[in-house]
Amino acid sequence: MELRPLPKKWLFVLIWLSLSLLLTLIWSRLEHARLKDAFDKDTRHVYSMVSRKLDQNEAVVAAIEAQIASRQPLDIDALQRFSHELLLRYPGLYTVEFFQYVARADLDSFGATMRARYGQDFSVREEDPGRRRSWRPAGDYLDYLPVALVEPLNDNTRHLLGMDSWREPILAASIRQAITNDRTQASPPFERYPGERGYLLLRPVFASGSNTKPPPLLGVVALSVNFGRLLQPLNLDRQALGLSLFNPRQPASHPLAELFGSQADPHPQPWLKRLFGQEAVLPLQSEAQPFTLQLTRSPHWEELRWGTLLFQQLLLALLFLSMVLIYRQRSALLQSRAAADEALFEQRERALVTLQSIREGVLTLGFDRRIELANPMAVQLLKADGELVGRQFAECVHLRYELSDSLAVSVLDRCLSGGVPIELPENTQLLLPSGELRTIDGAVAPLFSRQGQISGAVVVFRDLTPMQRRARQAMEQSELRAREHIEKLAHVTRLHTMGEMASGIAHELNQPLTAIANYCQASISLLDEVDAPLAPVRSALEAAQQQARRAADILRNLRAFVSKRPVSSGLVDLNQVVANCLQLAEFDLRASDVEINLQLDSRPLPVRVDPIQLEQVMLNLLSNALDAMRENEAARRKLLIVSKQVDGEVRLQIEDSGPGVPAHMLDMLFHPFHSTKPHGMGLGLSICQTIVEQFRGQIGVENIPGGGARSWLRLRLAVEPGPIVTRRQGQEV
Ligand code: ADP
């Protein structure tokens, strides 16, 4: 499985949670330590208190024992008084008892003494083995250990009087042990009265001053210790302490193992107990009461310093929040910086690629006029030997004016001092190391620092030599084409003029020749009527007639030949023909200061004609219009040229602002040799008619009612599919 990196947001949350957990852990450890300190203090206090109490118990028992031992015979009253005083002094004690040793022989006298002291109901008793707290008179035994004194004696304790301790199942073993070992001994714990758990601290008392070994037993002092009273002054509840006393000699599972147990909080919070619960197990140092003290505490909610935890967590949250904000700001800053870097890189890359690919040479200079950057074209144009970068501008770039030997005034200096872009002067020439001169144009622009100071300059220059060469060649070619075109046009014009002249002459001469032939025929007929025929005259006339007919035939043939010229045609756009003619006639039109209004159909106007011949027609009409307008010196010279497509026809109109066609010319416009011009041949319009009719079109010239003349021609719209042959001036179609 592919592991994807955690999104930043979740990473922050994770870190925050971890730190929060860590803080909580540290807080809980510190709280634990704090609670432990307090608990340890309480433990020490309780331990010393309990130890003192236990020592006190032993001291009390020892004191009573000493009191008994010191006063022989036994003085119960004195013992009672002594016990009473002790009990007053140590209010924690419960009862002091004395189990007196009574031999079987002394039982009666003992009974009598006791009855005298405590009343008639006193008897030495033992517990019925089958029934707890059920008494019966003591059996017949070798000796007895009945309770002879109970201090204080009250309704609760009175029933103990006369009880044979040796026959008491709980106490018997401990009493025997105490006697055997002659030492203070604690009995097992038991509930002496309902709800009051305790034990007896037993101490045998032997008669002093006796020589017998062991000395005779006087009895056993029993100090009844009640756990409740023993531990009461500790005020366990207030300290929220749980306390148990264990008997380490008993296995833990034994019912007598636990002497006493009190819980501080009967319903502790389990997790609070687990986290902050305290426990201490301390063996008490008393030999007679070798108990183990166990203290526990499970704290309450209120004991914990939640405020500190809350404050820490708030602080952490604030810290994190500010960190997240700082991080976000920083990453936004980084992002925008990266975007700016990217944009800068792209711009630089674009500028670099542009610099590398443009056809202009570019040099970037520092303020010290040292070249800092040179693009490939600059290197190529300057034809410098060696690296350009780092060298002085003046050292690498030598500028001159055309037709001047002096160095050009430094445009760079002017630019750097003026702080404005400066164009290289016209016809600036670059002197190459080889001595070759190249015409260049360009400019020098200043570079500014951020503070607005001039920090350098950019020089951009371009070699004009190839361009000039190309322009020259193009002009030459164009002139050549124009010349050829004009020549062709002149040739066609000549041909047409010749043809038209021949045709006109043939037409004009035909009549006189026919008349000559007819006159010859008439003369021959007249000669036949003469009596003396003049044979030589007749033959001469016949010869003249024959020659006249021959001449007529020659003329007829010539006319037929001229009219049978082959016609070449192609698909031509009439608008293009108009444009070509205007270009050809441009000089004349401009010289005559004619204002041209061109209204050409926006669509191509295809016609099937010979473009040169159609141009000739158009030029003829233009020339007539110009001639007419030149006659009218005062009037403004205006020419309106309209082309349009109407009902399958292509129409061209040329309207001039001349005086119009003289009235007498209107009927003879298309007749050859009719002209109103001083040097006019009167052939132009007849040639035009011949050409236009050749292409099955019509031509006409008419006067415009307001003044001026309108020449027009109509040609059939060519509908054949196929591309229109556009013929530019001078090009063959
Ligand atoms: P040419 O130009 O040699 O006179 P043309 O056949 O071209 O021969 O013209 C015949 C005559 O028609 C001209 O002499 C002129 O009188 C008349 N004419 C032709 N066009 C115009 C025009 N636009 N305005 C006035 N007269 C014209």
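Quick one: what pairs do we get from the range 704-716, first residue within 14 Å of the ligand (Cβ to nearest atom), second modelled with pLDDT of 95 or more and basic (Lys, Arg), C-beta under 7 Å, 6+ apart or different chains? Between residues of the range 704-716 that are within 14 Å of the ligand (Cβ to nearest atom) and residues that are modelled with pLDDT of 95 or more and basic (Lys, Arg), the close pairs are Ile704/Arg710; Trp712/Arg651.
Here Ser48 passes the criteria (1) closer than 30 Å to Arg328 by Cα; (2) without any contact (Cβ under 8 Å) to a residue 12 or more places away in the chain; (3) of a type in the set (Ser, Thr, Tyr) except the one numbered (1).
The residues on offer are Gln547, Gln576, and the sole one that is in contact (Cβ under 8 Å) with a residue 60 or more places away in the chain and either in a loop (DSSP other than H, G, I, E, B) or not hydroxyl-bearing (Ser, Thr, Tyr) (or both) is Gln576. Of the residues making up the range 28-62, those that are under 60 Å from the mean Cα position of the chain (by Cα) and surrounded by fewer than 19 Cβ atoms within 10 Å (Cβ to Cβ) are Ser28, Arg29, Leu30, His32, Ala33, Arg34, Lys36, Asp37, Ala38. Residue pairs whose Cβ atoms lie under 7 Å apart, sitting 6 or more positions apart in sequence or on different chains, and linking a residue in the range 157-178 that is on the phi > 0 side of the Ramachandran plot to a partner that is at pLDDT 90 or above, are Gly162/Met114; Gly162/Phe122; Gly162/Ser123; Gly162/Val124; Gly162/Arg125; Gly162/Pro146; Gly162/Val147.
With the structure loaded, tell me whether Glu649 is free of Cβ contacts under 8 Å to residues at least 40 places away in the same chain and more than 12 Å from Val594 (Cβ to Cβ) or whether it fails that test.
In short, no.
Table: residues versus (1) within 19 Å of Gln616 (Cα to Cα); (2) in contact with a strand residue (DSSP E or B) (Cβ under 6 Å, 6 or more places away or on another chain); (3) modelled with pLDDT under 85; (4) acidic (Asp, Glu).
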site	(1), (2), (3), (4)
Gln477	no, no, no, no
Glu487	yes, no, yes, yes
Ala490	yes, no, yes, no
Thr497	yes, no, yes, no
Val577	yes, no, no, no
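Scanning the range 67-93 for residues that are in a helix (DSSP H, G or I) and over 23 Å from Arg117 (Cβ atoms) gives a single hit, Arg89.
Can you give me the number of residues within the range 619-653 that are surrounded by 15 or more Cβ atoms within 10 Å (Cβ to Cβ), over 26 Å from Met501 (Cα atoms) and at pLDDT 90 or above? Of the residues in the range 619-653, 15 are surrounded by 15 or more Cβ atoms within 10 Å (Cβ to Cβ), over 26 Å from Met501 (Cα atoms) and at pLDDT 90 or above.
Number of residues in the range 475-499 that are out of contact with any helix residue (DSSP H, G or I) (no Cβ under 9 Å at 6 or more places or on another chain) and hydroxyl-bearing (Ser, Thr, Tyr): the value is 1.
Among the residues of the range 107-152, those identified as free of Cβ contacts under 8 Å to residues at least 12 places away in the same chain, surrounded by 11 or more Cβ atoms within 10 Å (Cβ to Cβ) and either under 60 Å from the mean Cα position of the chain (by Cα) or farther than 17 Å from Leu171 by Cα (or both) are Asp108, Ala112, Thr113, Arg115, Arg136.
The values are calculated or read from the model by the stated rules, or taken from the named source; none is laboratory data. Computed from a prediction, not measured in an experiment: that's the story for all the values here. Don't worry about glycine lacking a Cβ; one is built from the backbone with ideal geometry, like all the others, and counts go over all protein chains shown.
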